[in-house]
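First the structure, in the form of structure tokens, and then the observations on it.
The values are calculated or read from the model by the stated rules, or taken from the named source; none is laboratory data. Since this is a predicted model, take the numbers as computed values, not measurements. No Cβ is skipped: glycine too gets one built from the backbone with ideal geometry, and neighbour counts run over all protein chains shown.
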């Protein structure tokens with residue numbers, strides 16, 4: 001799908017951090033937020049936004065530490081901070097009640113935010129946003145907090161001594177993008193690379209995300225607490241799952257039981273990035289879901 005013209009870049013502040021978002025116009029239409037996943041950026045939604053902008057006021061933020069948003073000076077990125085940033089964007093721009101579509105980390109943030117502020121969200125779509133499956137989460141929870149903290153401290157030290165990976169050219173970065181997701185077309189991979197990389201002073205290129213975002217904090221809400229937030233969601237919710245993804249199906253792994261009004265959309269021929277891998281199917285299904293009374 002050709003993108004006729006792009007969005008406008010804007011900024012807002014959250015916890016003294018200058019965060020970036022793009023606004024696709026049409027401000028008189030119902031608001032819709034597109035929230036990207038980890039190590040991604042707001043322009044990964046361009047094909048979705050270019051279609052939905054006709055009927056919605058589409059806003060796509062860069063998470064802190066990602067894209068053109070500021071990086072945390074501490075190098076620490078917690079779910080509480082991410083949720084606060086989303087809360088600030090919705091509060092400052094007076095977007096509630098808002099429709100949210102989130103992918104992966106963005107879906108996780110969106111689900112938790114909606115459980116905290118159910119009155120602020122009209123419809124919710126989470127593309128593989130439930131986080132690790134029950135088995136993975138249970139195994140991680142068995143580790144004593146001292147062990148988790150020691151691991152986290154060791155990993156932080158390793159990251160402190162590392163530099164972001166540098167690519168000699170955009171072509172090299174593009175090749176890495178294709179390697180990461182074989183479903184991408186050449187057009188998609190080039191677009192994502194161009195918007196997802198910065199040129200360094202020495203002429204090389206690096207991805208726009210802070211490499212500290214790779215490291216998950218040693219503690220978070222418990223599984224029961226997260227499930228309790230899912231149970232507080234009152235809006236209709238669509239959980240999108242790529243059948244070729246590493247993620248588990250929430251309809252068969254037991255996580256659907258916590259939702260009041262949700263259904264799973266399994267998508268054939270799609271991995272973790274369903275909105276890239278099967279854009280046509282995704283847009284058709286999303287439009288139908290958002291149009292439901």
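Scan the range 182-193 and tell me whether some residue there is surrounded by fewer than 18 Cβ atoms within 10 Å (Cβ to Cβ) and closer than 13 Å to residue 130 by Cα.
There is no residue in the range 182-193 that is surrounded by fewer than 18 Cβ atoms within 10 Å (Cβ to Cβ) and closer than 13 Å to residue 130 by Cα.
Considering the range 266-293 alone, what residues qualify as being in a loop (DSSP other than H, G, I, E, B), out of contact with any strand residue (DSSP E or B) (no Cβ under 8 Å at 6 or more places or on another chain) and buried (at least 19 other Cβ atoms within 10 Å of the Cβ)?
Passing the criteria: none in range.
For the range 3-51, name all the residues that are closer than 23 Å to residue 173 by Cβ, modelled with pLDDT under 95 and out of contact with any strand residue (DSSP E or B) (no Cβ under 9 Å at 6 or more places or on another chain).
3, the sole residue that qualifies.
For residues that are part of a loop (DSSP other than H, G, I, E, B) and in contact with a helix residue (DSSP H, G or I) (Cβ under 6 Å, 6 or more places away or on another chain), scanning just the range 65-86, find the one that is farthest from residue 125 (Cα to Cα).
75
Looking only at the range 90-114, which residues are at positive phi and either part of a helix (DSSP H, G or I) or in contact with a helix residue (DSSP H, G or I) (Cβ under 8 Å, 6 or more places away or on another chain) (or both)? Show your work before the answer.
Step one: filter the range 90-114 for residues at positive phi, giving 94, 104.
Listed by number, the list is empty, since nothing qualifies.
What are the residues in the range 143-154 that are part of a helix (DSSP H, G or I) and touching a helix residue (DSSP H, G or I) at 6+ places or on another chain (Cβ under 9 Å), if any? Can you show your working first?
If we filter the range 143-154 for residues that are part of a helix (DSSP H, G or I), which is where we start, we get 145-154.
Hit for the range 143-154 is 148, nothing else.
Confirm whether residue 238 is within 16 Å of the chain's Cα centre (by Cα), in contact (Cβ under 8 Å) with a residue 60 or more places away in the chain, farther than 30 Å from residue 142 by Cα and surrounded by 15 or more Cβ atoms within 10 Å (Cβ to Cβ).
Numbers: within 16 Å of the chain's Cα centre (by Cα): yes; in contact (Cβ under 8 Å) with a residue 60 or more places away in the chain: yes; farther than 30 Å from residue 142 by Cα: yes; surrounded by 15 or more Cβ atoms within 10 Å (Cβ to Cβ): yes.
Yes: the conditions hold for residue 238.
With (1) over 26 Å from residue 142 (Cβ atoms); (2) assigned to a helix (DSSP H, G or I) as the list, and residue 263 as the residue in question, which single condition is left unmet?
The number of the failed condition is (2).
Identify, please: which residue in the range 253-270 is at pLDDT 95 or above and farther than 20 Å from residue 292 by Cβ and is, among those, nearest to the chain's Cα centre (by Cα)?
Narrowing the range 253-270 to residues at pLDDT 95 or above: 255-270.
With farther than 20 Å from residue 292 by Cβ added as a condition, the list becomes 255, 257-258, 268-270.
Values: 255: 20, 257: 23, 258: 21, 268: 21, 269: 21, 270: 17 Å.
Taking the candidates together, the pick is 270.
Residues of the range 115-129 being in a loop (DSSP other than H, G, I, E, B), on the phi < 0 side of the Ramachandran plot and surrounded by 24 or more Cβ atoms within 10 Å (Cβ to Cβ), which ones?
Scanning the range 115-129 gives a single hit, 129.
I'd like to verify a number: residues in the range 167-198 that are over 23 Å from residue 61 (Cβ atoms) and outside any helix (DSSP H, G or I), how many?
Final tally of qualifying residues: 6.
Before we move on, is residue 231 in contact with a helix residue (DSSP H, G or I) (Cβ under 9 Å, 6 or more places away or on another chain), over 21 Å from residue 112 (Cβ atoms) and at pLDDT 95 or above? Don't jump to the end; show me each part of the working.
Numbers: in contact with a helix residue (DSSP H, G or I) (Cβ under 9 Å, 6 or more places away or on another chain): yes; over 21 Å from residue 112 (Cβ atoms): no; at pLDDT 95 or above: yes.
When the stated conditions are applied, residue 231 does not pass them.
Is it fair to say residue 133 is closer than 30 Å to residue 227 by Cβ and at pLDDT 95 or above?
For residue 133, the condition - closer than 30 Å to residue 227 by Cβ and at pLDDT 95 or above - is not met.
Restricted to the range 52-82, and to residues that are out of contact with any strand residue (DSSP E or B) (no Cβ under 8 Å at 6 or more places or on another chain) and at positive phi, which residue is surrounded by the fewest Cβ atoms within 10 Å (Cβ to Cβ)?
75
In the set 140, 164, which member is in contact with a helix residue (DSSP H, G or I) (Cβ under 6 Å, 6 or more places away or on another chain) and either surrounded by fewer than 18 Cβ atoms within 10 Å (Cβ to Cβ) or in a loop (DSSP other than H, G, I, E, B) (or both)? Outline the logic, then answer.
On the way: 140 fails: in contact with a helix residue (DSSP H, G or I) (Cβ under 6 Å, 6 or more places away or on another chain).
Within the list 140, 164, the selection yields 164.
Somewhere in the range 272-281, is a residue more than 19 Å from the chain's Cα centre (by Cα), modelled with pLDDT of 95 or more and under 24 Å from residue 159 (Cβ atoms)?
no
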